[in-house]
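Each reported figure results from applying straightforward, stated rules to the coordinates on display, with no laboratory input. These numbers were taken from a predicted model, which means no experiment stands behind them. Here the Cβ is made from the backbone with ideal geometry for all residues, glycine too, and neighbour counts use every protein chain on show.
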């Protein structure tokens, strides 16, 4: 486990800011204690100082996971968010998409959100903006990228994709063994 | 009264006697195990926890230790003693309790590269006889070393192979081959040692090959560049050449360091990232404007429709008229809106 380098911090923040914008500040500077990002096995974990200190008792090769896994760095040093980060993305999300109850299941099976399944969308969402996907009952289901801007969404045909799927809570079952 | 005093006296005398004896004789329910060679006595008697609690702990332990030591000393006195310079010494028997060795057992020798390979392939050592029959000398000679049997180096004549160059020195060739073999063997020996001690195995450097790969070429270039008196500091670079890779070590912050400093740094980074975003997002602004226009239009339309309905609720051919009016109104509205925009 180690802290992030400046470069890594930048890639992580750039990725996170696509979903939660300047709300990253609230993750970095929390009133309820010291929280930090740590890298372990190419995976990024977000944890409190207390947990971190406890985790130092465990040897590096035996440590599977600590705190919340936010995502991982690929071999090419890009950063990929994992579904486990949803707990921290959902409350701070700037752009949201609500899917209709009929399309929920399709999304949870890893499919893109079609126009027909789109319930609501935040105003002035731009194309390729990171969005958090909610059910109509305001339960966060996952996140993705807006394929169309809000304006365009109104005009496209019902079978066109409006949100590209990136991660959904169905992964907790589908990828149970690789999620940490 | 007198009898009583006699009995008391006797009892007292007996007690005194016992007290005197107590100093050397100790009664135990179970006999102790002795290993006099190690000066070791092990007491298997149960310790009554009640005794332990009732008496003072320290006193109990001290008396127990004294008694057991006494027994050990008694045991030593049973051994044959002799007098050496006014000191009585006993000859201790051989110790019977096996004690663990002081140092850990030596590690097994690391296998050489050949041994690893042989194990992998299941090759086993074959025992060869030391002596072999030498046909020329007509006697048994050693297989290896000085005065060996069938010594090829002692041949006075070598046939030149058909494919070989006739002017080549076959004797010289043989000597050279032998020297190379010895050198290679020595190198392998050193590499085995290096591997066993886990130091970095020295590379052989750049070996000339028929076809150099891209990596090898790059390495050759970088080696050549740094092989100057100034370690390549003043070496010119080609126009599109990349900077040579320096062996710079990665260095990370400590895992548990200054948390407030870390947070400060991250906030600073966020501030910089925020500053880089354009203040005015054109697409967003255009979208906003378009949406506003849409809303105004809709509002105007609704207002007009409602007003019309209010005024001329019963008129027939409502839809058509309304549509025409609406359109006109819309155009007018557009013009109206354009005016403040120009200002």
Can you give the average number of partner chain beta-carbon atoms within 10 Å of each beta-carbon in peptide A:125-135, as a whole number?
1
Determine, for B:52, A:79, A:95, A:143, the number of other Cβ atoms within 10 Å of each Cβ, and report the residues in order from fewest to most.
B:52, A:79, A:95, A:143
With each label point set 7 Å from Cα along the Cα-Cβ vector, what nm distance links residue B:7 and residue B:135?
11.7 nm
Apply 1/(1 + (r/R0)^6) to the Cβ-Cβ distance of residue B:181 and residue B:101, taking R0 = 60 Å, and write down the FRET efficiency to the nearest 0.05.
0.90
Just subtract the alpha-carbon distance of residue B:230 and residue B:65 from 0.36 nm times their residue separation and send over the number in nm, one decimal.
51.8 nm
Using 0.36 nm times the number of residues separating residue B:29 and residue B:117, minus their current alpha carbon distance, what extension gain do you get?
25.3 nm
Over all residues in B:250-262, what is the mean tally of Cβ atoms on other chains that come within 10 Å of each residue's Cβ?
4
Using a/c under 1.5 as the rounded threshold, could you call chain A rounded, prolate or oblate? The axes a ≥ b ≥ c are square roots of the C-alpha gyration tensor eigenvalues, and prolate needs a/b larger than b/c, oblate otherwise.
prolate
Would you mind estimating how fast segment B:2-90 diffuses translationally, via Stokes-Einstein at 25 °C and 0.890 mPa s with the Kirkwood radius over Cα pairs, in µm²/s?
153 µm²/s
Fewest-first ordering of A:92, A:128 by Cβ atoms within 10 Å yields A:128, A:92
Given only helices, namely DSSP H runs of n ≥ 4 each adding -39500 (n - 2.57), what is the per-residue ellipticity at 222 nm of chain A, to the nearest 500 deg cm²/dmol?
-7000 deg cm²/dmol
Based on alpha-carbon atoms only, what is the radius of gyration of segment B:40-132 relative to the globular estimate 2.2 N^0.38 Å?
2.30
Could you work out how far the C-alpha centroid of segment B:139-194 sits from that of segment B:237-287, in angstrom?
64 Å
What would the Debye formula give as log10 I(q)/I(0) at q = 0.14, 0.24 Å⁻¹ for the alpha-carbon point model of segment B:113-154, no solvent?
-0.49, -0.74
Counting only backbone N atoms under 16 Å from a point 7 Å out along Cα-to-Cβ of residue B:75, the residues of segment B:81-122 in range are B:90-99
Per q in 0.21, 0.24, 0.30 1/Å, what log10 I(q)/I(0) does a Debye calculation on the alpha-carbon atoms of segment B:140-183 return?
-0.84, -0.96, -1.11
Quick note, the protein assembly as shown: a/c under 1.5 would make it rounded; otherwise a/b > b/c is prolate and the rest oblate (a ≥ b ≥ c, C-alpha gyration tensor); here it is oblate
Footprinting proxy, A:61, A:87: sorted fewest to most Cβ within 10 Å, the residues are A:61, A:87
Using a 10 Å cut-off on Cβ to Cβ distances, tally the other chain neighbours for every residue of B:268-274 and report the average as a whole number.
4
